[in-house]
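A quick write-up on the structure given underneath.
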Amino acid sequence: MSENSPEQSSTDKPRKELEQELKRLGRLSTRGVLALSLFLVICILAWWDFPYLPQPDAVTSVIGAPPCARLISIALIIYAFSAIILSLCRMAQGVEHRSSFCHVGYLTAFFLFYYFSKALQQNFWAVFGAGITILGIESYRIWNHCAERILKVKENIEFLNRNGRLPPQ
């Protein structure tokens, strides 16, 4: 068989598509870790009492009083349990939800609510613990989903190399 045979050219396009899918899944598999890293940076800023934000009194005089710390804590508990259950359901169903960056935004909002209610130092560890738990589960879920898909794509490439066609779906 020559290098430019019809059989080989018919497998080039599917092989390139499968290789592109491998690259996409490889990039996607790191999104959870990137979100976790961003959350840790925000945690450091929260630990330092958000040095680049205006003082809580200056902001609350313009937008009004923040909710009390107890209400924020109740909302944090509800959010944390909901996010964990949602993530575990996605994991069980094999859903390819790509991003956990929305959780970083929600957790940052909790830090800010506590900051503006002047209760950040007392509640830092609650938000930190909830964030590490949620983002850890999300990171594992995304990585696990991608690892399973990568394995399937590699099997398809091997099948294509052996048989000159993609496996039946």
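Within the group V59, V127, which residue is part of a helix (DSSP H, G or I), of a type in the set (V, I, T) and in contact (Cβ under 8 Å) with a residue 60 or more places away in the chain?
Working: V59 fails: in contact (Cβ under 8 Å) with a residue 60 or more places away in the chain.
Residue meeting the stated conditions: V127.
Close Cβ contacts (under 6 Å, 6 or more residues apart or on different chains) running from residues in the stretch 13-34 that are surrounded by fewer than 16 Cβ atoms within 10 Å (Cβ to Cβ) to residues that are not in a helix (DSSP H, G or I) comprise P14/L166. Applying a threshold of 7 Å to beta carbon distances and a minimum spacing of six or more residues, or different chains, the list of pairs starting in the stretch 147-169 at a residue that is free of Cβ contacts under 8 Å to residues at least 60 places away in the same chain and ending at one that is aromatic (F, W, Y) and assigned to a helix (DSSP H, G or I) reads P167/F159.
Of the conditions (1) touching a Lys or Arg at 6+ places or on another chain (Cβ under 9 Å); (2) part of a helix (DSSP H, G or I), E96 clears all except one; give me its number. Going through the list (1) touching a Lys or Arg at 6+ places or on another chain (Cβ under 9 Å); (2) part of a helix (DSSP H, G or I), E96 breaks only (2).
Is it the case that the stretch 128-148 has a residue that's surrounded by fewer than 13 Cβ atoms within 10 Å (Cβ to Cβ) and either more than 26 Å from A35 (Cβ to Cβ) or basic (K, R) (or both)?
Taking the stretch 128-148 first, the residues surrounded by fewer than 13 Cβ atoms within 10 Å (Cβ to Cβ) are 129, 147-148.
Among the residues that remain, those that are also either more than 26 Å from A35 (Cβ to Cβ) or basic (K, R) (or both) are: none.
Looking through the stretch 128-148, none of the residues is surrounded by fewer than 13 Cβ atoms within 10 Å (Cβ to Cβ) and either more than 26 Å from A35 (Cβ to Cβ) or basic (K, R) (or both).
Of the residues contained in the stretch 67-76, none is found to be under 30 Å from K16 (Cβ atoms), not small (G, A, S) and not in a helix (DSSP H, G or I).
Filtered by the rule that a residue be in a helix (DSSP H, G or I) and loosely packed, with under 13 Cβ neighbours inside 10 Å, the stretch 43-56 gives a lone residue, I44.
Taking the options R98, R162, name whichever one is loosely packed, with under 15 Cβ neighbours inside 10 Å, under 22 Å from S37 (Cβ atoms) and at pLDDT below 95.
Values: R162 fails: under 22 Å from S37 (Cβ atoms).
Only one candidate passes the filter, namely R98.
Of the residues making up the stretch 69-81, those that are over 15 Å from I132 (Cα atoms) and either touching a Lys or Arg at 6+ places or on another chain (Cβ under 6 Å) or free of Cβ contacts under 8 Å to residues at least 40 places away in the same chain (or both) are R70, L71, I74, A75, I78. Out of contact with any Asp or Glu (no Cβ under 9 Å at 6 or more places or on another chain) and surrounded by fewer than 12 Cβ atoms within 10 Å (Cβ to Cβ) - does that describe any residue in the stretch 83-91? Checking the stretch 83-91: at least one residue is out of contact with any Asp or Glu (no Cβ under 9 Å at 6 or more places or on another chain) and surrounded by fewer than 12 Cβ atoms within 10 Å (Cβ to Cβ).
The values are calculated or read from the model by the stated rules, or taken from the named source; none is laboratory data. Everything numeric here is computed off the predicted structure, so don't read it as measured data. Methodologically, a virtual Cβ is constructed for each residue, glycine included, from the backbone with ideal geometry; neighbour enumeration extends over all protein chains shown.
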